[in-house]
Each structure stands twice: as C-alpha cells, then as structure tokens.
C-alpha cells in the first residue's frame, strides 16, 4: 500500500510543481499586460501633441501670416549711352564684371574733341587781343573827344567795338567750356556700383549719341516684389517683417515691407476700336482675387546667396512682430 500511495502522490507532486511553475510564469505576464496600455497611451498623447503643434504651425504659416509664392527679385539697371559720338578705342570691362562707382566703362576716340578744344582756345586768344586793343582805343578816343579833337560819333563807334569784342570773348569762353565738356565725355564711367550685364559692344565699334552701349546692374538697389492677393492686403502694413525664400537656396533672406502699390491695370477699362469699354465676362459664383505688388526692402542677405533680377521668390509677412523690431518705413 505504501508503494501505491507513493505512486499516487508523485503525480500530485508533479502537478503541484507544474502549478507552481505556472504561477511563476503567469505573474510577469499579468504585470506586462498592465504596463502595455500605459506606454501606448503615452506614445499616443505625444504623437497627438506633436501633430497638433505641426498643424498649428502650418495654419499660422499658411492662413494667419500673409504669404505668396508669386514674388520676383527686382533691381534698377543703369543704361549708359554716349553723349558724344565716335569710335570706341578702349573697353576695359567684360560681361558680368563688377565695377565700382567712377570706374571707366569705355572710351571714345578723343582726337576730334581735343582739336575742337584747341581751336576754341586759339579763337579766345585772338579775340582777347582784339578786345584789349579796342579798350585802349576807347580810352584814347575818350581823351580826344574831351579835348575836342574827335567827334562824339567816333567815340560811340569805338565803344560799340569794345562791346562786340567782349561778346566775342564770352562766346569763345563758352566754346572752350563746351569743348572741354565734350572731351571729358569721351570717357564713360559707371555712375553706380554693380555688374556689367549683356555686354555686346566690341572694341572698334562706332558709338552713336544716345544709343545704348553698356548696361550696369545697380547692386545697391535690389528689392523684392511680392504679388499678394487683395484679400491679404488688410494684414500688410509698412514696416512689417518679411521672410524671403529664393528658389534654389535654403538660406532665408530677411527684409521688411517698404510700400504697397496704389494701383494695378484694369483690363475692363480698355476701350476697343470704337471707343467702347471691353468688359470680360466672368462666372458670378467664382471671383478671382486680384494680385497687388508689395515692395519688400531687403535688410539682410546670407553669405552664399546671389541676388539675380527676375528670379522667383516666396514672401511671407509677419505682422505680429513687435514694433521695436521693425525698421522705420
């Protein structure tokens, strides 16, 4: 009987061990199940917070702050045309070369203008001598007239000769000034700091008076025109901070609103051949907002960013900046 009881007790002992081992395994499982929902909730809450923050930033960027992708870099271009004609004998610049204010751009053959100056100086010397003689003769005639040796008529003729000689000398001086001015105009200098652009003239070409020869991009005059929809104009004011993103650059150009245009073209106001107004038909339920140019003054250009007139820019206006941070309009 003892053996049978032992045999019966062995399975129960094994079952007890199995139960004990089962308890040891199921206890951590129960703890893991209780921890998983808490970590999942934290991850979900963090994800929702990040998504909400990004959504708010996107809403602020695209809806609250006025912005447009329709922007263009603009600049003033100075066109140099000679005021005297002649053959180009010196061309010290090349296309896309940077020049400083006062640097020579090209020179016209000065030979003819130097000769004209010498002729004017010679005529002045001759007429000055004539004037000196006329003045001395006037004094002599005045003495003779006073003593009765010459008539008043003769004295008046002498006085008239002096006046004519003075007029001739004055004309000669004006001719000298004009010849000197023309001679100085044979050297054309840059009036601004900038880059020579689209240079097509060559050494030896003939420069005609008033005809464009060299164009210089004024690098001190860059600005950006942002074409904003009319629905955003109420939130744009002079002095507002502006962020400019140029296509092809990751750096941000900073500026401020300089001014807002006060007029754009109205196609419906253009008359036809008979003088009647040409009114374009539109869909009454669709009204496209007009775009108005907003001039952006550039305050800071990062290193490595090259401003090129006509390139595309994205402009965002930040009207919520403090007035103390805004430059004076």
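Structural remarks
- Within the range 91-108, if we keep just the residues that are in a loop (DSSP other than H, G, I, E, B) and buried (at least 18 other Cβ atoms within 10 Å of the Cβ), the residue that is farthest from the chain's Cα centre (by Cα) turns out to be 91.
- Subset tally (residues that are assigned to a loop (DSSP other than H, G, I, E, B) and either assigned by TED's automatic domain parsing to the domain that holds residue 309 or within 14 Å of residue 89 (Cα to Cα) (or both)) for the range 177-207: 7
Listed here are the residues, each with its yes/no results for (1) loosely packed, with under 13 Cβ neighbours inside 10 Å; (2) closer than 30 Å to residue 301 by Cα; (3) touching a residue at least 12 places away in the same chain (Cβ under 8 Å).
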position: 226; (1), (2), (3): no, yes, yes
position: 230; (1), (2), (3): yes, yes, yes
position: 233; (1), (2), (3): no, yes, yes
position: 272; (1), (2), (3): yes, no, no
position: 285; (1), (2), (3): yes, no, no
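- Counted residues, the range 236-272 - those being in a loop (DSSP other than H, G, I, E, B) and at pLDDT 85 or above: 15
- Of the residues making up the range 103-113, none is at pLDDT 95 or above, over 23 Å from residue 192 (Cα atoms) and assigned by TED's automatic domain parsing to the domain that holds residue 289.
Per-residue answers, yes or no, for (1) in a strand (DSSP E or B); (2) modelled with pLDDT under 80; (3) touching a helix residue (DSSP H, G or I) at 6+ places or on another chain (Cβ under 6 Å); (4) assigned by TED's automatic domain parsing to the domain that holds residue 195:
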position	(1), (2), (3), (4)
89	yes, no, no, yes
117	no, no, yes, yes
125	no, no, no, yes
141	no, yes, yes, yes
145	no, yes, yes, yes
149	no, yes, no, yes
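- Residue within the range 287-303 that is loosely packed, with under 10 Cβ neighbours inside 10 Å and either over 30 Å from residue 195 (Cα atoms) or more than 24 Å from the chain's Cα centre (by Cα) (or both) present: yes
- Some residue of the range 154-166 being at pLDDT below 95, in the same structural domain as residue 197 (by TED's automatic domain parsing), farther than 30 Å from residue 182 by Cα and not in a helix (DSSP H, G or I): no
- Yes/no for residue 231 being part of a helix (DSSP H, G or I) and closer than 30 Å to residue 291 by Cα: yes
- Unmet criterion (only one of (1) closer than 29 Å to residue 196 by Cβ; (2) surrounded by 11 or more Cβ atoms within 10 Å (Cβ to Cβ)) for residue 314: (1)
- Which numbered condition residue 209 misses (of (1) touching a helix residue (DSSP H, G or I) at 6+ places or on another chain (Cβ under 9 Å); (2) surrounded by fewer than 17 Cβ atoms within 10 Å (Cβ to Cβ); (3) under 30 Å from residue 127 (Cβ atoms)): (1)
- Restricting 271, 267, 319, 281 to those that are in contact with a helix residue (DSSP H, G or I) (Cβ under 8 Å, 6 or more places away or on another chain) and farther than 30 Å from residue 78 by Cα reduces the list to 319.
The values are calculated or read from the model by the stated rules, or taken from the named source; none is laboratory data. Fair warning: this is a prediction, and the values are worked out from it, not measured in the lab. Heads up, the Cβs are rebuilt from the backbone with ideal geometry, glycines too, and the neighbour counts pull from every protein chain shown.
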